[in-house]
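All remarks here apply to the structure that follows.
Nothing in this text is a laboratory measurement; each read-out follows from the coordinates by a stated rule. Everything quoted here is computed from the prediction, not taken from an experiment. In this analysis, Cβ positions are derived from the backbone assuming ideal geometry, glycine residues included, and neighbour counts consider all displayed protein chains.
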Amino acid sequence: MRWSDDRLILLDQTLLPEREVERGYQRWEDVAEAIRALVVRGAPAIGVAAAFGVVLATRQSRAGTFDGLVVDLETAIKGLAATRPTAVNLFWALERMKRVALASGALPLTEVRARLLAEAQAIRDEDIAANRAMGAHGATLVPPNARILTHCNAGALATAGYGTALGVVRAAHAQGKVALVWVDETRPVMQGSRLTAWECVREGIPHRLIADVVAASVMARGEVDLVVTGADRIAANGDTANKIGTYSLAVLAAHHRVPFYVAAPFSTIDPALASGAEIPIEERDASEVRRVGAQQTAPGASPVFNPAFDVTPARLIAAIITERGVVRPPYRF
Ligand code: MRU
């Protein structure tokens, strides 16, 4: 993701790994649609993209007064917030943008616009720095010759750069500690096989792709030393929402006495929610489950339940890796 010539440039993640296509965005409405359609996805990445969406809204606005600009920005913020409900980074980033806008009333409009661009760039740069710090902290938990299992994509693609869970893998790999990464394919949208495997290939990280249903077997064979995943929202008690299937992995890891870690920046923590029961879980279209790519794999008439995320209870999480260090239970955010 980058900002170039007054446009937000996104690598279209729906086309990976087959095609690497960049798309330029000049309207906040199109950024909202890109978030909804998973052109950009992953909790920190959608926060950063939405922040740049607000920047685009400042440029689209024809308002000649501060109050008029605020009305236009509030419309954009509402539209961007309505895209995906689970990852709190989206709302956190939009709130930051709104706060900067509202604090800029005394300034000329050109200055307000410049401040909002600077804030979006700061959100992006802070995310990359947080990921690098998380990588360094998380790598201390990785033993030599580690076989690490991960789920979904919590890599550079899911963030402003470097990655959270995959950032930990990256840092440990740079220290020569990674023997193998087991990459869950992550049905139904295949973020593991399409995106995490793509990142591993590009980075030269030794990995092996597995169907999600294989995780239990590789753990039973003693071939997993730790599990690390990202997060979309962490409640005050440490309960963690992440890609559907994460909870099953945490249960499996507990059964096989494999440590289960979550890596996430503080922007993913929502201290306003007491527990995971309060986290809104997005449900996506039935077609994601009824089809694999263009191939129909279920009767069109079959009803589907397609939650995009699940909640892993805090008691199954050995540690939460943040940019400020490794947090152990009991969690109190
Ligand atoms: O539906 P997605 O692809 O946006 O879901 C992404 C995840 O669940 C990631 O694990 C999470 O956002 C962390 S990304 C650093």
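One table, with the values for the structure above:
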quantity: Residues VAL31, VAL251, VAL39 arranged by fewest to most Cβ contacts within 10 Å; calculated: VAL251, VAL39, VAL31
quantity: Projected-area mean, segment 128-170, by convex hull of Cα positions, square nanometres; calculated: 2.8
quantity: Relative contact order %, the chain, counting alpha carbon pairs below 8 Å whose residues are six or more apart; calculated: 16
quantity: Karplus 3J(HN,Hα) series, Hz, for segment 256-268 with 6.51 cos²θ - 1.76 cosθ + 1.60 (x for Gly, Pro); calculated: 9, 6, 9, x, 10, 10, 10, 10, 7, x, 4, 5, 8
quantity: Between segment 35-68 and segment 124-165, the Cα center-to-center distance that results, in Å; calculated: 26
quantity: Ranking of LEU116, LEU273 by count of other Cβ atoms within 10 Å, fewest first; calculated: LEU273, LEU116
quantity: Segment 211-245-segment 1-25 distance, computed between alpha-carbon centres (Å); calculated: 29
quantity: Integer Hz, Karplus 6.51/-1.76/1.60 couplings in order for segment 242-247, x for Gly and Pro; calculated: 8, 3, 3, x, 5, 4
quantity: Normalised alpha carbon radius of gyration of segment 2-132 [divisor 2.2 N^0.38 Å]; calculated: 1.01
quantity: Gyration tensor (alpha-carbon) shape descriptor, segment 136-327, a/c threshold 1.5; calculated: oblate
quantity: Counted charge near THR268, where neighbours are those whose Cβ lies closer than 12 Å (Asp, Glu -1; Lys, Arg +1); calculated: -3
quantity: Per-residue Cβ neighbour rank within 10 angstrom, fewest leading, ILE321, ILE279; calculated: ILE279, ILE321
quantity: Per residue convex hull volume, Cα atoms of the chain, in Å³; calculated: 135
quantity: Estimated dipole of the chain in Debye, rounded to 20 [Cβ of Lys and Arg +1, of Asp and Glu -1, Cα centre]; calculated: 480
quantity: Computed magnitude of the charge dipole of segment 2-132 (debye, nearest 20; Cβ of K, R +1, Cβ of D, E -1); calculated: 160
